[in-house]
Amino acid sequence: MKSVIFLAPPAAGKGTYSKFLEDKYGYQHISTGDLLREKALTDESVKRRLQSGMLFSDDEVMTLFKERLAKYPHHTLFVFDGIPRTLNQAQIMDTFLPKDYIVIYLDVQKDVLLERVLGRIICPKCHRSYHEVFANFKPKIANVCDNCGVSLEKRVDDKEETFLKRYEEYIAKTEPLLDYYQNKGKLFLLKNEDVALEELESLIGGANDN
Ligand SMILES: [Zn+2]
């Protein structure tokens, strides 16, 4: 089986796919945010910079990332979430990443993502996410968490303007990565949501393992 790099615009469902790989196949989930927060526990300067919203250089992020990977047995399967963010990071990663990973691009239309973001409601207690409009994701009682019975809330950053800004940033940064991985023969697209989990399994080599 193969480690997976997800490239996905905001709200494309990356969390759902990652969770699936973790639960079913024991993948380790690694994100830049987690790495930095973890480092901040023992490193005052990282903590200060994280709190003030300063950016970290590609070299810094990749050094942390490499250190972290070295802690796992070599056969560990990873889901990389938000890594790499830039072409430079992707090139650095290829100097130490095992060769048999794949890159999965979640190709979801902008208007679909926007509709998702605008209807998203979240339980402040258990963090389960629901949707106001989509039948499969509505809570049983309007605006109340099925698990906890508390009122659901919108996330402050789930606004059209914020989404569009993030989306545009994402597209600008990701396009060079798509080309890079396409040229290496590592890029796969997931589109159809109904069959996407099966497709994902066949891409990582899970469903076909005998
Ligand atoms: Zn809840």
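Throughout, read-outs are computed from the coordinates displayed, never taken from laboratory work. What you see is a predicted model, and the numbers here were worked out from it, not measured in a lab. No Cβ is skipped: glycine too gets one built from the backbone with ideal geometry, and neighbour counts run over all protein chains shown.
See the values below:
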| item | result |
| --- | --- |
| Those residues of the range 171-187 which are within 15 Å of VAL108 (Cβ to Cβ) and either within 16 Å of the ligand (Cβ to nearest atom) or surrounded by 13 or more Cβ atoms within 10 Å (Cβ to Cβ) (or both), in sequence order | THR174, LEU178 |
| The range 122-172, residues that are in contact with a strand residue (DSSP E or B) (Cβ under 8 Å, 6 or more places away or on another chain) and aromatic (Phe, Trp, Tyr) | TYR130, PHE137 |
| Complete set of residues in the range 25-65 that are under 17 Å from the mean Cα position of the chain (by Cα) and of a type in the set (Lys, Arg) | ARG37 |
| Given (1) within 16 Å of the ligand (Cβ to nearest atom); (2) touching a helix residue (DSSP H, G or I) at 6+ places or on another chain (Cβ under 6 Å), index of the condition ILE122 fails | (2) |
| Count of residues meeting criterion [in a strand (DSSP E or B) and away from the ligand (no atom under 16 Å from the Cβ)] in the range 127-170 | 0 |
